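Comments concern the structure below.
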Amino acid sequence: MKTYFYIAKLRMQTMLAYRVEIFTYMIMQCLMMVAIGFFWIAAYGDNEVSHNVTVDSMMTYNVIATLMNSMYYMGVEDRIADSVKSGSIATDMIKPVSLFGMYLAEDIGNLIICFFRSTIPLLAVGALIFGIPAPASPKHFVLFLSSFVLGYGINWTFSAIFAMISFTAINLGPAFSVKYHFVNMLSGSIIPIWFFPQWLQTTVNCLPFVYMFQAPLSIYIGKYSINESLNALAIQAIWFVALTLLLIFAQRRATKRVLVQGG
């Protein structure tokens with residue numbers, strides 16, 4: 001574990017060196033949060049409640065979704081793509097540490113830095129403009145934290161699996177952009193799925209994306225009861241385990257491919 005802590009520490013030091021990039025990203029996220037917040041205010045109009053969610057809860061949803069987005073940076077995608085392109089993936093695989101454990105440690109380092117450098121300032125701005133985004137109850141907040149961890153795990157494992165396409169494709173730059181917007185649309189990070197047609201809700205609920213963002217956010221604002229929250233956590237855990245097993249399988253296939261090609 002000391003090795004992974006050290007890797008996370010190195011990543012944190014690297015992130016601190018790019019202060020302008022972090023500051024620019026924070027401004028972009030802030031503008032997005034404010035724009036979406038005023039959009040929802042205009043969309044609700046004179047209606048106080050829509051789909052059993054009040055306008056105040058929708059503002060809280062928007063602020064917390066922005067905070068989650070700021071911490072859901074998945075560097076594993078670029079890390080794998082760059083390593084495969086440069087050929088350094090072969091040397092990474094023979095290091096005396098788990099390949100994806102190393103990538104995860106780096107992304108956790110990213111998350112910690114993003115929390116202090118982006119999330120806290122964004123929370124302050126959101127509270128100033130839309131009010132303090134308080135959870136529905138202390139119990140909902142505790143369940144939200146567990147759901148956030150599982151949501152991060154689902155997002156990370158899915159990103160790692162998607163990045164494994166790098167072993168068979170030359171350039172995944174455009175594909176990463178498509179994947180990013182696809183996940184944003186189907187995860188409820190911008191527009192909650194409950195505003196979509198019923199047939200689309202049924203389809204999306206069978207996919208893992210909604211459990212990355214909307215499930216934790218629904219727990220936070222109290223749209224889910226305690227029992228519904230526990231059910232959502234159980235489904236998140238199932239998706240996380242399934243994607244982890246799929247990632248292990250994909251890694252083994254990729255390892256054989258690298259050995260055959262000689263790196």
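Things to note:
- Looking at Phe209, Phe196, Phe162, just one residue is closer than 27 Å to Phe38 by Cα, buried (at least 18 other Cβ atoms within 10 Å of the Cβ) and of a type in the set (Phe, Trp, Tyr), and that residue is Phe209.
- Selection from the range 91-107 of residues that are of a type in the set (Ser, Thr, Tyr) and either assigned to a helix (DSSP H, G or I) or surrounded by 20 or more Cβ atoms within 10 Å (Cβ to Cβ) (or both): Thr91, Tyr103
- Failed item in (1) under 25 Å from His140 (Cα atoms); (2) free of Cβ contacts under 8 Å to residues at least 24 places away in the same chain, with Thr203 passing the rest: (1)
- Selection of the range 24-49 for residues being touching a residue at least 40 places away in the same chain (Cβ under 8 Å) and either of a type in the set (Val, Ile, Thr) or surrounded by fewer than 17 Cβ atoms within 10 Å (Cβ to Cβ) (or both) yields Tyr25, Val34, Ile36.
- Positions within the range 2-61 being acidic (Asp, Glu) and assigned to a helix (DSSP H, G or I), in sequence order: Glu21, Asp56
- Every condition in (1) closer than 20 Å to Thr66 by Cβ; (2) free of Cβ contacts under 8 Å to residues at least 60 places away in the same chain; (3) of a type outside the set (Gly, Ala, Ser); (4) not in a loop (DSSP other than H, G, I, E, B) holds for Leu122 except the one numbered (2).
- Selected residue [of a type in the set (Gly, Ala, Ser) and modelled with pLDDT of 95 or more] from Ser189, Ser218, Ser177: Ser218
- Test: residue in the range 9-20 that is closer than 21 Å to Ile129 by Cβ, surrounded by fewer than 14 Cβ atoms within 10 Å (Cβ to Cβ), at pLDDT below 85 and within 23 Å of the chain's Cα centre (by Cα): no
- Residue within the range 26-39 that is among the polar types (S, T, N, Q), closer than 18 Å to Ser118 by Cα and touching a helix residue (DSSP H, G or I) at 6+ places or on another chain (Cβ under 6 Å) present: yes
- Number of residues in the range 199-216 that are over 22 Å from Thr54 (Cβ atoms) and part of a helix (DSSP H, G or I): the value is 7.
- Among residues of the range 169-181 that are in a helix (DSSP H, G or I), those with a Cβ under 6 angstrom from a residue that is at pLDDT below 85, sequence gap 6+ or separate chain, pair up as Phe176/Glu77.
- Hits in the range 162-213 (condition: within 23 Å of Ser70 (Cβ to Cβ) and β-branched (Val, Ile, Thr)): Val178, Val183, Ile190, Ile191, Ile193, Val210
- Any hit, the range 108-121, residues being surrounded by 14 or more Cβ atoms within 10 Å (Cβ to Cβ), of a type in the set (D, E, K, R), modelled with pLDDT under 85 and out of contact with any strand residue (DSSP E or B) (no Cβ under 7 Å at 6 or more places or on another chain): yes
- Looking across the range 72-108 at every residue that is among the aromatic types (Phe, Trp, Tyr) and out of contact with any Lys or Arg (no Cβ under 9 Å at 6 or more places or on another chain), the one that is nearest to Thr168 (Cα to Cα) is identified as Phe100.
- Test result for Ser218, among the small types (Gly, Ala, Ser), touching a Phe, Trp or Tyr at 6+ places or on another chain (Cβ under 8 Å), within 14 Å of Tyr72 (Cα to Cα) and surrounded by 18 or more Cβ atoms within 10 Å (Cβ to Cβ): no
The values are calculated or read from the model by the stated rules, or taken from the named source; none is laboratory data. Since the model is a prediction, treat every value here as computed from it, not as a measurement. For neighbour counting, all protein chains shown are included, and Cβ atoms are generated from backbone atoms with ideal geometry for every residue, glycine included.
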